[in-house]
Amino acid sequence: MGEIKAAVKDYILDEFLPGEDPDALTDDTPLITGGILDSIATVKLVGFLEERFGVQFSAHEMSADYLDTLDDIAEVVAEKM
């Protein structure tokens, strides 16, 4: 899951947090509930995940229940691979 987390972290830093300290984005930083990702950003993230890792998400999975932290994201992507 380390590769998944690294790729997702790089994507989030590049797309949504340019110029931010990479060390501030930890494996358990709340992305959706913390206001880093809004609904549009979440859809963009899911598009990245589907393309990069060859997985598919259903509509109900595009939520904080599944995608709120790097740990959550890595877990759901690994389960789908």
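Listed by chain and number, the aspartates and glutamates whose alpha-carbon sits under 16 Å from that of K44, ignoring those within fewer than 8 places in the same chain, are D10, D14, E15, E61, D68. Close amide H pairs (under 5 Å, H built 1.01 Å from N) link L31 with T69, residues at least 5 positions away or on another chain. Residue separation of S63 and D21 scaled by 0.36 nm, minus their Cα-Cα distance, works out to 12.6 nm of gained length.
Only helices reaching 20 angstrom along their own axis (Cα) with mean Kyte-Doolittle hydropathy no lower than -1.0 count here, and for the DSSP H runs of the chain these are 39-53. The calculated FRET efficiency for M1 paired with V55, based on their beta-carbon distance and R0 = 22 Å, is about 0.95.
Only Lys, Arg, Asp and Glu carry charge here, each on its Cβ (+1 for the first two, -1 for the last two); on that basis the chain has a dipole of about 260 debye about its Cα centre. The mean sequence distance of close C-alpha pairs (under 8 Å, at least 6 residues apart), as a share of the length of the chain, puts its relative contact order at 40 percent.
The Rg/Rh ratio for the chain, using Cα coordinates for both the radius of gyration and the Kirkwood hydrodynamic radius, is 0.91.
Bear in mind these aren't lab numbers, they're just calculated from the coordinates by the rules spelled out. No experiment lies behind these values; they were computed from the predicted model shown. Cβ: placed from backbone, ideal geometry, glycine included. Neighbour counts: every protein chain shown.
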